[in-house]
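A.B. asks: For reference, the structure I am asking about is given below.
The values are calculated or read from the model by the stated rules, or taken from the named source; none is laboratory data. Keep in mind it's a predicted model, so treat the numbers as computed, not measured. Glycine also receives a Cβ, built like all others from the backbone with ideal geometry; neighbour counts cover every protein chain displayed.
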Amino acid sequence: MCLKPAKFVAFIFLTLIFVSGILAKDFRSDIKVADLKASSGLTYEIAENFQVGDKEYTDRDYTFTSIPDYLLGLTWIRTANDDKKSVTLEVSFKIDKDAYVYILWVARDPAQQDWLQNNYTKIDGEVGSTDEPLSVYKSNQPFSAGEVKTYQSNTGAGHYVIVLEATESLASVKASDKLTTTWGKIKANH
């Protein structure tokens, strides 16, 4: 049995929307990160597609056990937990587009560092880990494309992890949107 051309086109269109919805949820790493440096000299890594099961730090075997949906699939930076006591740490990197920065901070720690309190807000959601849960802090404003810096945790409780979310991207188009809404978002972003 052969599908009529109109039904075939509709089938292909709906399949593409379904698959793009799955991909948008599971893989939204659309930011390029370069020139990653930690003043401590410890190894940090740029990673894509933030997922449950990913290794948390470069120098520990802890893994993520749960991640809020809004963070899944994003570009992120795996830090070194041995930097948790550094009082002079500076982490710098460059991003190719404007982005919100999320700092995943050890939940039991009050996070009193000025740089974090002045530029980030604790939001709903928590990231589970085989070590201990992490609270989520989101930058109050998106960082412009270019250099981004974060600083010391200086707590001894554990070091933070960095997650990045582009402010304007096709990843924000949802499979459930109407075609006119989707087309409007695509046109607005280009």
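A.B. asks: Among the residues of segment 54-69, how many are under 13 Å from LEU104 (Cβ atoms) and free of Cβ contacts under 8 Å to residues at least 60 places away in the same chain?
C.D. replies: Matching residues across segment 54-69 total 1.
A.B. asks: Moving to a separate point now. Condition test on GLN152, is it surrounded by fewer than 17 Cβ atoms within 10 Å (Cβ to Cβ) and closer than 22 Å to ALA38 by Cβ?
C.D. replies: no
A.B. asks: How many residues are buried (at least 20 other Cβ atoms within 10 Å of the Cβ) and of a type in the set (Lys, Arg) when one looks only at segment 79-110?
C.D. replies: Matching residues across segment 79-110 total 1.
A.B. asks: Sticking with this structure for a sec: Does segment 134-166 hold any residues that are on the phi > 0 side of the Ramachandran plot and modelled with pLDDT under 95, and which are they?
C.D. replies: ASN154, GLY156, GLY158
A.B. asks: Inspect segment 85-96 for any residue being among the small types (Gly, Ala, Ser), closer than 16 Å to LYS149 by Cα and either at pLDDT 95 or above or out of contact with any Cys (no Cβ under 7 Å at 6 or more places or on another chain) (or both) and give the result as yes or no.
C.D. replies: yes
A.B. asks: Would you point out which residue out of ASP35, ASP54, ASP59 is surrounded by fewer than 11 Cβ atoms within 10 Å (Cβ to Cβ) and modelled with pLDDT of 95 or more?
C.D. replies: ASP35
A.B. asks: So, one more: Taking the condition of being in a loop (DSSP other than H, G, I, E, B) and under 15 Å from LYS84 (Cα atoms), how many residues in segment 98-145 meet it?
C.D. replies: 9
A.B. asks: Just to be sure I understand the filter: pairs with C-beta atoms under 9 Å, separated by 6 or more residues or on different chains, first member in segment 32-47 and on the phi > 0 side of the Ramachandran plot, second member at pLDDT 95 or above. Which pairs pass?
C.D. replies: Every condition considered, the pairs that remain are ASP35/SER92; ASP35/PHE93; ASP35/LYS94; ASP35/GLU147.
A.B. asks: Which of the residues belonging to segment 108-123 are under 20 Å from THR63 (Cβ atoms) and at pLDDT 90 or above?
C.D. replies: The answer is none; no residue qualifies.
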